[in-house]
Amino acid sequence: MPMTAIILAAGEGTRMKSRHPKVMHKLLDRPLVSWVTRAARNAGADRIIVVVGNGAAEVRAHLASETDVECVEQTERLGTGHATRVAIEAAHVTEGPVVVLNGDLPLIEADTIRAFADSVADGEHACAILTMTPPDPFGYGRVELAADGTVERIVEQKDCTPEQDKNLLECNAGCYAFDGALLAKHIGEVGCDNAQHEYYLPDMVQILREHGHATTITHCDDYVEGLGVNSRVQLAELTELAQQKINRRLMASGVTMLDPKTVWVGPDVTVGRDTELLPMTMLWGKTTIGEGNVIGPNTRLTDVTVGDNNSLEETVGVNVTFDDNITCGPRAYLRGGAHVLSGAHIGTHVELKNTVVGEGSKVPHLSYIGDCQMGAHVNIGGGSITCNYDGVHKSRTTIGDGAFIGSDTMMVAPVNIGAGAITGASSCITKDVPADALAVERSEQFMKEGYASKRLERLRKEA
Ligand code: UD1
Ligand code: CA
C-alpha cells in the first residue's frame, strides 16, 4: 500500500523570535522543512504532504522546487492534531501507512522512517511512536508506559506533574506511524482539554487504545535523530551535530580534514577519498567532489562538480564544473555554468561566468571572463576583460587554441579571436582577430627627453 508522509510545518515557532516561519530557518545548506521532506522522500514515501500556515507563502515558494511535495494550508494553528486532520481531509488520505513528522525534526534518518512505516504496515499495530532519551528532556512530550510495556499515552511537558517531569524520561520525538484508515477514522476525536487548549496529535495513542487497537513505541538509539528545533540555540546545536555526523562519515570514507569544526558539508554532497578539506570550507547543494583534491581554505562550492587532483583555494563556485588537475585561486569566483577543463589554471581575483576554459589554458590574474568559449592553451594576460554586456544584451567571445591575450585587453563582444593570435597589452578589441594575427589597438608612445627635471625646476620657482 502506498505510504504517505505528512509533515507539520504550519507553526510560528515563537521561540525563534523571527519574521520567518520556523521551518524556513536553515540548518547547514537548507531550511529545516527540506531536511524532513528529504528524509521522507529517501524513505520511499509515495506522497509527501506539507501542512503550511504561518508564513505559508514563504514556505510554499521554497517548496515549489520540490515538485513531489503537496502543500495544504492550516489557516488556524490549533495544534498538531488539528494540523494532521487538515492534511488528511484536504489531501484525502484514507489508507496505507501514514507517517507524520514534525517539520522541526531535521536529523531524522530515512531508514528510521522506513522501518517505522513498516511497523504499522503489517496491520498488527494501529500506531507507532518514535521515542528517545535526550540528555535534557525538557519541552518534550513524555511517554507513559502501560503495565505491559506498551505506550499508554503521551503527557506534554506543560501538562506534566512535577513527578511525571522527573520520572518520565522517554520522550516523544515527533515522528509517528499510523494505520491510515484508523487515523482518518479517529483523528476527529482528538480534544483540546489540556494546558495549551490545543489539539495534540500524541493523544491519538490513547484514543486508538480505547478503541482496542495495539500501539507500540520504537526507541531511537541515537537521540540526535529525534531532536527538535524550537530556538536558535537549538538550531545551532543541531547544526553542530549534523556537521559532526556528516564530517565523521566523510572522514571514515577517506576524506582528510585539518579541522573538522570549520568544515561544513550539506547532506547531498559526495567527496572522494584522499581529498583534503581545509578550514572554512562549505560544500552545499549537489556538489560532487572526486579524489585527491585540496579544497580550501575559505572555499564555498554550491552545486559544483569537481574531478580529481585539483587545488581550489579561496574559491567561490556556484553551478560550475572543474575537470582534473586544475589550480584555482586564491580569490576566484566562478558561476553560471562555467566549465574549467583539465590542466587549466585560474588565478587570483578572477571571475568566470558561463565560460569554458580549455585544456591547459590560464587566466592567472585580475580578469572577468563571461560568456566566452576559450580553446586549449590560451593565456589571458592580467587585467583582461570580456565586455559582454551592453546594458541590454549579453554577447559572446570566442578565443581560439593557443591565443595569447596581452595584459589589459578589453574584448568587446561579440568578438572572435583566432587560434594562435596575439593581442597587444592594453588593446580594446572590437573587431574579429584572424588566426595567427597580431592585433594592437593603442596610441603611439609620446616622449620628451629631459622633461622631468625641467618641470620640477619650474614648479619650485613658482612656489
Ligand atoms: C511536539 C509534541 C511533543 C514532542 C515534540 C517533539 C505535540 C502536542 N507535542 O511538541 O510531544 O515531544 O513535538 O519535538 O504534538 N504545527 C503545526 N500546526 C499547529 C501546531 C504545530 O503545523 O497548529 C507544527 C509546527 O510547525 C512544528 C510541529 O508541528 O513543526 C511541532 O509543533 P511544536 O509546537 O514545535 O511542538 P512541540 O511543543 O515541540
Ligand atoms: Ca518542536
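The values are calculated or read from the model by the stated rules, or taken from the named source; none is laboratory data. Please read these numbers as outputs of a predicted model, since none were measured by experiment. We place every Cβ from the backbone using ideal geometry, glycine too, and count neighbours over all the protein chains shown. For the accessible areas, the whole protein counts, side chains as well, though only heavy atoms, and no ligand, DNA or RNA atoms are used. Shrake-Rupley method; radii C 1.70, N 1.55, O 1.52, S 1.80 Å.
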| If each of ARG331 and GLU152 carries a label point 7 Å out from its Cα toward its Cβ, how far apart are those two points in nm? | 6.8
| message | Calculate the FRET efficiency for ASP436 and HIS365 from the Cβ-Cβ distance with a Förster distance of 22 Å, rounded to the nearest 0.05. | response | 0.30
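Over all directions, average the projected area of the Cα convex hull of the chain and note it in nm².
32.5
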| task | Taking the dipole about the Cα centre of the stretch 4-226, with the C-beta of Lys and Arg at +1 and of Asp and Glu at -1, give me whichever of ALA121, PRO21, VAL190 is farthest to the positive side. | result | PRO21
| task | Enter the angle in degrees (range 0 to 90, nearest 10) between the Cα long axis of helix 110-121 and the first principal axis of the Cα atoms of the chain, meaning the one along which they spread out most. | result | 30
| said: Let me check against my output: what whole-number percent is the relative contact order of the chain, with C-alpha pairs under 8 Å and at least 6 apart? | reply: 8
| query | Largest first, how would GLU70, GLU449 line up by accessible area (1.4 Å probe)? | reply | GLU449, GLU70
| note | Once ARG19 and THR256 are pulled to full extension, the length gained, defined as 0.36 nm per residue separation minus their Cα-Cα distance, is 81.4 nm
| said: Tell me the angle of helix 80-90 to the major Cα principal axis of the chain, expressed in degrees between 0 and 90 and rounded to the nearest ten. | reply: 80
| Top to bottom by accessible area (1.4 Å), largest first, where do TYR199, TYR389, TYR140, TYR176 land? | TYR389, TYR199, TYR140, TYR176
| message | Quick check for me: using +1 on Lys/Arg Cβ and -1 on Asp/Glu Cβ, what's the dipole size of the chain about its Cα centre, in debye to the nearest 20? | response | 2380
| Heavy-atom surface of the stretch 43-156, accessible at 1.4 Å and reported per residue (Å²) | 41
| task | Rank these by accessible area, largest first, 1.4 Å probe: LYS353, LYS166. | result | LYS166, LYS353
| field | Fraction of beta bridges assigned by DSSP in the stretch 7-107 that are antiparallel (%, nearest 5) | value | 15
| message | Nothing charged except the Cβ atoms of Lys and Arg (+1) and of Asp and Glu (-1): what's the magnitude of the dipole of the stretch 4-226 about its Cα centre? Round to the nearest 20 debye. | response | 820
| field | Selected from GLY285, SER453, HIS62, residue furthest toward positive end of dipole (the chain; charges at beta carbon) | value | SER453
| task | Sequence neighbours fewer than 8 away in the same chain don't count; with that in mind, list the lysines whose C-alpha is under 19 Å from LYS431. | result | LYS394
| request: Please work out how much length the chain gains when fully extended from ALA214 to ASN194, using 0.36 nm per residue of separation minus the C-alpha to C-alpha distance, in nm with one decimal. | output: 4.8 nm
| query | Among the lysines, which have Cα under 17 Å from the Cα of LYS261 when same-chain residues fewer than 8 positions away are ignored? | reply | LYS245
| query | Modelled label-to-label distance, ASP111 and LYS394, 7 Å Cα→beta-carbon offset: nm? | reply | 4.3
| task | Under 28 Å between C-alpha atoms is the cut-off here; go through the stretch 4-226 and count lysine pairs that meet it, provided they're at least eight residues apart or on different chains. | result | 6
| request: Restricting to the stretch 109-257, compute how many DSSP beta bridges are antiparallel as a %, nearest 5. | output: 65
| task | Quick one: dipole size for the stretch 241-439, taken about the Cα centre, charges +1 on Lys/Arg Cβ and -1 on Asp/Glu Cβ, in debye to the nearest 20. | result | 600
| query | Along the Cα-to-C-beta direction of ASP268, a point sits 7 Å from the Cα; which residues of the stretch 287-325 have their amide N less than 16 Å from that point? | reply | 287-289, 301-306, 318-320
| said: Could you tell me the calculated FRET efficiency between PHE446 and HIS349, based on Cβ-Cβ distance and R0 = 45 angstrom, to the nearest 0.05? | reply: 0.90
| Can you list the residues, at least 5 places off or on another chain, whose amide H is less than 5 Å from the amide H of ILE289, using H built in the peptide plane? | THR270, VAL271, GLY272, VAL306
| said: If R₀ is 51 angstrom, what is the calculated FRET efficiency for the pair ASP221 and ALA425, using the beta carbon separation as r and rounding to 0.05? | reply: 0.15
| field | Considering only the chain, percent of DSSP beta bridges that pair antiparallel, nearest 5 | value | 15
| query | Got a sec? Charge dipole of the stretch 241-439, +1 on Cβ for Lys and Arg, -1 for Asp and Glu; which of THR256, ALA403, TYR389 is way out at the positive end? | reply | THR256
| field | Folded to 0 to 90 degrees: helix 232-252 orientation relative to the chain principal axis, Cα | value | 70
| request: With the full set of protein chains in place, find how many percent of the accessible area of the chain is carbon and sulfur; take the probe as 1.4 Å. | output: 51
